[in-house]
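Heads up, the thing below is written out as structure tokens.
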Amino acid sequence: MKKLASTLPNMILSLGIITVLSGLLLGVMYTVTKAPIEQSEREMQTAALAEVLPPFDNDPEAEAQSVNVGGQVYEIYPARMDGHSVGVAVKGVTMDGFSGEVVIICGFDNKGTVVNYRVLKQAETPGLGAKMEMWFRDPSGTRSVIGKSPGIQNFSPVKDGGDVDAITAATISSRAFLSVLRGAYEAYRQYAQTQGMYIPAVSDSHTGASTQQPTDCHIGSSVHS
Amino acid sequence: MLYLSIIITAIFINNIVFSQFLGICPFLGVSKRISSALGMGAAVTFVMTLATVVAWLLQTYILDPCGLQFLQTIVFILVIAFLVQLLEIVMKKSVPALYQALGVFLPLITTNCAVLGVAILVIQKEYNLLQSLTYGVSTAIGFTLALWIFAGIREQLELTAVPRGMRGVPLALISAGILAMAFMGFSGITIG
Amino acid sequence: MKKYLRLLYNGIIPANPVFVLLLGMCATLGTTSSALNGLMMGIATAAVLICSNAAISLLKNVIPDKVRIPAYIVIIATFVTVLQLAISAWMPALNASLGIFIPLIVVNCILLGRAEAFAGKNGVIASLIDGLGCGIGFIFALTLLGAVREFLGTGHIFGYEIYSEDYGMLIFVLAPGAFIALGYLIAIVSRLRGLSSNT
């Protein structure tokens, strides 16, 4: 077959046909992958919820609520077993990380103790801030936040007068991570108040001390520090 | 304050070449002379600014409302190719002096991934039009700055005696690595 | 048969796209923070390269010369988008780790370079083999660079610990290390090639 000459109708026809063909191919591919893409996004969140919460038998995503703490919106996912609350998962976002958004989902039990956490999204430096997924569950030293409560311990890096070891050479990422957890805890407290649940102790990350009297004056103030 | 933060971040902290690894081909290809580096920088600034705005408008007013986000890559690359072509024709006809200076760099820009990269990044970051414009211009300035500094270094390197295997690209890459280390000093700066 | 084998070998070593032709640098530097990431990016690029090479050589007679570049770009962008959709549907974790570099395969100079230099002039089978050879060369280069950076930076290769992470030179995982590691690898490869052609 001889090569087509570069006349105007030839050029338009050939480009047109190629574009239509590629459009068709993409359209087919889009319809084929649409369901799996949505499903994998949903599954990621469902799997994270199952990991950070104590065993539950309801659908936390169906009962999700938003709570506003100092201008930041946190998503609350309540977990129940036989109709009784067993804890909540809180999803929080911060822009204070080293590079861009950090999204964390953190599970609390009924007393406000951290059950587990997952980092859903981060773009921190590989080998430094990106270690946050593993670092804050490592039992060595005072790194781990698992089994602790922001109402009792001060969830700030030791450098800032807190009780948690920051990731070596990644203080900014550690601060961002811990600030999301503190904010999530405040969001959980607000939620607990509206639900008539046990209200855990308030946290005060500014002085490094914790108080046992529930007061409202710290809501919002502890998020950005 | 937000705009200042976008500008400083794009030029220094997240420099497109040294920390995002975009636009490496022209960075290595046209950095032998300061004059050609500046010419390339100016051409990229022109196209990147225009392409970012056009891509943003297309995404917001055509792709998003029609649910055609999956056509993003193909639409953006065609827009860039079209803009470069258009710019070449317009410049040749109306400002021949500028065409003389920048003309040779224009065809290279179509395959400069920094241009497509920035167009996609402003959509991912969910910037509005003015923020996208700011980001596009500052990224281009960051690119020009990187190219300019690097060309200065390479002009000096030409004069030094270097082992045979290291001559040319290997030494250029290692110098770029050291320059990238210097740019890392900017990281962690927060504005506002 | 011999011709095809030579074609295949040519893309892997004598005309390696990264170490010798210096094409596709952005993806090479940006995605090789670990051996696995490098391997995955290499496979993704190679898949698009093979498909686009084959499609372009099939269609070369119906594409008039003057519009060949836009036509090639449309074909390449189509395959990239297909890949992008497939990865985000079935391998979401990979999508997160390679990020923006998947859509940027479009502007990888290897693709347009092979389309222009080879697939636009040769038959389908030869173009397929050429794509395969260059693709393997690219995978090899990216995996090697990723392994070197991961080893020096974190003491691991493909996630297996060789020495303790505490002694790793973190700079190799970060941006500057990418430039430096690639610079030395290219120097070593060009020295080796120089030796083999001299003797």
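A few comments on the model shown:
- Looking across segment C:37-46, the residues that are surrounded by fewer than 24 Cβ atoms within 10 Å (Cβ to Cβ) and more than 14 Å from every other protein chain (Cβ to nearest Cβ) come down to C:Leu39, C:Met40, C:Ile43, C:Ala46.
- Answer residue from segment C:172-199, given it is farther than 19 Å from B:Leu173 by Cβ and in a helix (DSSP H, G or I) and is most open to solvent (accessible area, probe 1.4 Å) among those: C:Asn198
- Test: residue in segment C:48-57 that is at the interface with another protein chain (Cβ under 10 Å from one of its Cβ atoms) and modelled with pLDDT under 85: no
- Candidate set: segment A:1-31, residues that are more than 7 Å from every other protein chain (Cβ to nearest Cβ) and surrounded by 13 or more Cβ atoms within 10 Å (Cβ to Cβ); chosen: the one farthest from the chain's Cα centre (by Cα): A:Leu13
- Residue check, C:Ser34 farther than 28 Å from A:Val20 by Cβ and of a type in the set (S, T, N, Q): yes
- Qualifying residues in segment A:109-135 (those that are among the hydrophobic types (A, V, I, L, M, F, W, C) and within 21 Å of C:Tyr167 (Cα to Cα)) - the one nearest to the other protein chains (Cβ to nearest Cβ): A:Leu128
- Subset of segment B:137-172 [open to solvent by 30 Å² or more (accessible area, probe 1.4 Å), closer than 27 Å to B:Leu116 by Cα and more than 19 Å from the chain's Cα centre (by Cα)]: B:Val169
- Residue count for segment B:16-30, restricted to those that are over 18 Å from B:Ala119 (Cβ atoms) and surrounded by 24 or more Cβ atoms within 10 Å (Cβ to Cβ): 2
- Every condition in (1) open to solvent by less than 50 Å² (accessible area, probe 1.4 Å); (2) within 13 Å of chain C (Cβ to nearest Cβ); (3) closer than 28 Å to C:Lys66 by Cα holds for B:Pro107 except the one numbered (1).
- Hey, A:Ala48 surrounded by 14 or more Cβ atoms within 10 Å (Cβ to Cβ), touching a helix residue (DSSP H, G or I) at 6+ places or on another chain (Cβ under 8 Å) and hydrophobic (A, V, I, L, M, F, W, C) or not: no
- Residue that is nearest to B:Pro163 (Cα to Cα), among those in segment C:147-171 that are within 14 Å of chain B (Cβ to nearest Cβ) and buried (at least 21 other Cβ atoms within 10 Å of the Cβ): C:Arg149
- Considering only residues in segment A:159-177 that are open to solvent by 60 Å² or more (accessible area, probe 1.4 Å) and either at pLDDT 85 or above or assigned to a loop (DSSP other than H, G, I, E, B) (or both), the one that is nearest to C:Glu165 (Cα to Cα) turns out to be A:Thr168.
- Answer from C:Ala27, C:Ala71, C:Ala77, C:Ala96 - the residue that is hydrophobic (A, V, I, L, M, F, W, C) and either more than 9 Å from every other protein chain (Cβ to nearest Cβ) or free of Cβ contacts under 8 Å to residues at least 12 places away in the same chain (or both): C:Ala96
- Test for C:Leu83: is it aliphatic (A, V, I, L, M), in contact (Cβ under 8 Å) with a residue 12 or more places away in the chain and either facing another protein chain (nearest Cβ under 9 Å) or open to solvent by 20 Å² or more (accessible area, probe 1.4 Å) (or both): yes
- Residues in segment C:11-32 that are outside any helix (DSSP H, G or I) and of a type in the set (A, V, I, L, M, F, W, C): C:Ile13, C:Ala15, C:Val18, C:Phe19, C:Val20, C:Leu21, C:Leu22, C:Leu23.
- Neighbours by Cβ (under 6 Å, 6+ apart or cross-chain): first from segment B:9-21, assigned to a helix (DSSP H, G or I); second of a type in the set (Gly, Ala, Ser): B:Ala10/B:Ser138; B:Ala10/B:Gly142; B:Ile11/B:Ser138; B:Ile11/B:Gly142; B:Ile13/B:Ser187
- Taking strands (runs of 3 or more DSSP E) as the structural unit, those lying wholly within segment A:1-112 and holding at least 3 residues that are in contact with a strand residue (DSSP E or B) (Cβ under 7 Å, 6 or more places away or on another chain) and not polar (S, T, N, Q) correspond to A:72-81, A:84-94, A:102-109.
- Members of segment B:22-75 found to be part of a helix (DSSP H, G or I) and charged (D, E, K, R), listed by number: B:Asp64
- Given (1) surrounded by fewer than 22 Cβ atoms within 10 Å (Cβ to Cβ); (2) more than 27 Å from B:Ala180 (Cβ to Cβ); (3) touching a residue at least 12 places away in the same chain (Cβ under 8 Å), index of the condition B:Ile77 fails: (1)
The values are calculated or read from the model by the stated rules, or taken from the named source; none is laboratory data. Remember, it's a predicted structure, so these values are computed and weren't measured experimentally. Neighbour counts run over all protein chains shown; Cβ positions are idealised from the backbone, glycine included. Remember, those area values only see protein heavy atoms, side chains included, never the ligands or the DNA or RNA. Shrake-Rupley method; radii C 1.70, N 1.55, O 1.52, S 1.80 Å.
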